[in-house]
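Accompanying notes for the structure given below.
The values are calculated or read from the model by the stated rules, or taken from the named source; none is laboratory data. Bear in mind that the values here come from a model prediction, so they are computed numbers and not experimental data. Heads up, the Cβs are rebuilt from the backbone with ideal geometry, glycines too, and the neighbour counts pull from every protein chain shown.
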Amino acid sequence: MIRRTALVSAAAAALVLVPTAAMAYDAPGYTSSVSDATPATGAPISLAVNGDPATAGKTVLLTVTSTPASLPNSAIEIAGTATASKVANASGDVKFSVTLSQPGTYSAVATVDGAAVSTMDLNVASAASAASAATASGKALAETGFDGAGLAAGAGALVVAGAGAVLIAKRRQTAAI
């Protein structure tokens, strides 16, 4: 019983903690936003890092990496590179335009003065799956399974035949008495 309780507790803790690993991280005083966290392949997206005025004039470095690392660096384009830096405006805000040309999972990390201030996860779908999702969303549910009308008719016929056989047997039994 104790073992079962421990396993259930561990499973509940895993269900609670797993989603937090996939969430974006923002350092205190910073916020970040992504125009589309699940873009289609080749679709440009906008990544914004908003800091406080103390960040004004500082260089914000954005590094995008792929998971798995087998995706080539050429799949990542941030104004022509996989790492870009921009100087924050008077409000401490910076906006990057990123294009990811291959499906996969990517991580974007913004750093100021060598410290990570924002981490964003991006899941890029292939153009084919994005197109099929777009067309499927405009239609009714897909038809699955089979047409069981013939099977139901056959089952009904067997039930009627069985009931008839029982009645005939009952009559013969009462007639024999």
Exercise. Which one of these is over 12 Å from Leu47 (Cα atoms), in a loop (DSSP other than H, G, I, E, B), at pLDDT below 80 and among the polar types (S, T, N, Q): Ser74, Ser70?
Worked result: Ser70
For this session: Please name all residue pairs, on different chains or six or more residues apart, with Cβ atoms under 7 Å, provided the first residue is in the range 86-108 and is farther than 11 Å from Gly57 by Cβ and the second residue is buried (at least 19 other Cβ atoms within 10 Å of the Cβ) and of a type in the set (Ser, Thr, Tyr).
Result: Leu100/Tyr106; Gly104/Ser66; Tyr106/Ser66
